[in-house]
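Data block below; observations after.
Values quoted throughout were computed directly from the atomic coordinates according to the rules given, and no laboratory measurement underlies them. Computed from a prediction, not measured in an experiment: that's the story for all the values here. Counting neighbours? That spans all protein chains shown, and the Cβs are built from the backbone with ideal geometry, glycine included.
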2 protein chains.
Amino acid sequence: MREVFQQELAEVSNGLVEIARHVESAMQRAAVAFTTSDVALAEQVISDDARIDELAIALDEHTIEIIARQSPVARDLRLVVSALRISSSLERMGDLAAHIAALARYRFPGGVGPNTLRPVFAEMSRLDVAVARQLVALLDAGNDEETNRIADEIKASDTQIDDLHRSTFDALLSDDIQAQSVEVVDATLASRYFERFADHAVSIAQKVQYLTSGEWMQEKEPSTPVAPVTPGA
Amino acid sequence: MREVFQQELAEVSNGLVEIARHVESAMQRAAVAFTTSDVALAEQVISDDARIDELAIALDEHTIEIIARQSPVARDLRLVVSALRISSSLERMGDLAAHIAALARYRFPGGVGPNTLRPVFAEMSRLDVAVARQLVALLDAGNDEETNRIADEIKASDTQIDDLHRSTFDALLSDDIQAQSVEVVDATLASRYFERFADHAVSIAQKVQYLTSGEWMQEKEPSTPVAPVTPGA
């Protein structure tokens, strides 16, 4: 029974890695679509998002079946419950990649936001792609040391993304910029989507680290800080 | 054993109602803080958000204990897993109420967004408060008929909020408006927060309805539609 359970846990873990790979691909293509105004690629990301949703639902169903059949307790139960939460975050990351693609599609053949912010968005999207790739590695990590190293990398990338998010607002609110309202709206949304994408990755990294360290005994997950990056704050 | 489990399920359900009441209070105060630029009230909402996070974590811990102790299966297992998901959505709704309060705080003593949009935001916040109140009633509903009626009300409110969200963008992008960039940024974020708040309520309503109807057998929860309201779309 125990062996069967371990096998099933491995399946769930592989399922999460698979979804994370789809999210990485979505973000990678969304980043290209966004930075190069590639409308065909944007549409592909948007339509492919349904696949991520399906995979997440299927994995959740599988996980619930395992709980019903195996009645896990203690750490095993934490693992399967975490899988449900991680799949939910991954599903949301897929949505955000699709939102970014949707912005590119709607502004085609133009770009999204004011020209002056293009380098910032290029960097944010590069970092989000890196975060998604790190997430695949995290969920596929072979030991605690690797897990912790990758989790720290994800958090470091998130800090950089938060800084860029803040700089987007600084730029939008500076007197120098002569942006149209449509550019300001788009840039605000794009920056928010890029930032939230990385937030979800950090949330997953924290869950994986809690499981690794056993710290879930006194789990106090910090929720997203209140308005971490408020314009002009 | 069965009786104990029913008692424990009732406790979890009461716990969700309690969190929903806190969320309702947070949104109610955030709405007042936002529409009247009440900085003291805004700060209260922001600091009180930690309480919602604590309650959600405590409820999750309790729910996981119940799964470990009672090894529920079938519908009972669905109920407890849904409780975990619902608490997660409620926690996020609390964050969004705090984000709205944070916008009010940062712009104090001024208001948030261009003057012309004040009536739209007043209406969006009124609807969000109504949605939060409906959510308390939904989680406390005594029978299926009541559940379905309230869930439909929540969805109807969400549709209205989506329309207002769209009208915010129409207004921001119209040539008539002479808004400063800071007003456009704030209005974009505020509208997005109001809209997401109601989205989470709809997501909870769908989960409760699935449980009531037994339709979770072929659960296919539509994820948030891709960029349901894209500026200028």
Report, as a whole number in µm² per second, the diffusion coefficient that Stokes-Einstein gives for the range A:1-122 at 4 °C and 1.567 mPa s using the Kirkwood radius over alpha carbon pairs.
82 µm²/s
Value of Rg to Rh for the range A:104-157 (Rh from inverse mean 1/r over Cα pairs, i.e. Kirkwood)
1.21
Calculate the dipole size of chain A relative to its Cα centre from +1 charges on Lys and Arg beta carbons and -1 charges on Asp and Glu beta carbons; express the result in debye to the nearest 20.
140 debye
Dipole-positive endmost among A:115, A:79, A:64 within the range A:60-158 (Cβ charges, Cα centre)
A:115
Taking every residue in A:63-72, how many Cβ atoms of other protein chains lie within 10 Å of its Cβ, on average?
4
What do you get for Rg/Rh of chain B when both radii come from the Cα atoms and Rh is the Kirkwood radius?
1.02
Take A:125, B:47, A:203 and order them by how many other Cβ atoms sit within 10 Å, fewest up front.
B:47, A:203, A:125
Rounded to two decimals, the Debye log10 I(q)/I(0) of the range A:128-214 (Cα scatterers, no solvent) at q = 0.14, 0.23 Å⁻¹ is -0.55, -1.00
Sticking with the crude label model, points 7 Å out along Cα→Cβ, report the distance from residue A:159 to residue B:54 in nm, one decimal please.
2.9 nm
Suppose every K and R has +1 on its Cβ and every D and E has -1 on its Cβ; what is the size of the dipole of the protein assembly as shown about the Cα centre, in Debye to the nearest 20?
180 debye
Proxy exposure order for B:147, B:63 (fewest C-beta within 10 Å first) is B:147, B:63
Using a 10 Å cut-off on Cβ to Cβ distances, tally the other chain neighbours for every residue of A:185-196 and report the average as a whole number.
4
Just going by the charge dipole of chain B, with Lys and Arg at +1 and Asp and Glu at -1 on Cβ, which of B:106, B:10, B:201 is farthest out on the positive end?
B:106
From the label point of residue B:4, set 7 Å along Cα to the beta carbon, how far off in nm is each other copy's matching point, shortest first?
2.5
Expressed to two decimals, the protein assembly as shown has a Cα Rg over Rh, using the Kirkwood radius, of 0.96
Could you pull out which residues in the range A:97-117 have an amide N less than 17 Å from a spot 7 Å beyond the Cα of residue A:178, following the Cα-Cβ vector?
A:114-117
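Projected area of the range A:1-42, taken from the Cα convex hull and averaged over every viewing direction, in nm²?
Computing the convex hull of the Cα atoms and averaging its projections yields 2.8 nm².
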Assertion target for B:38, B:144, ordered by fewest C-beta neighbours within 10 angstrom first, is B:144, B:38
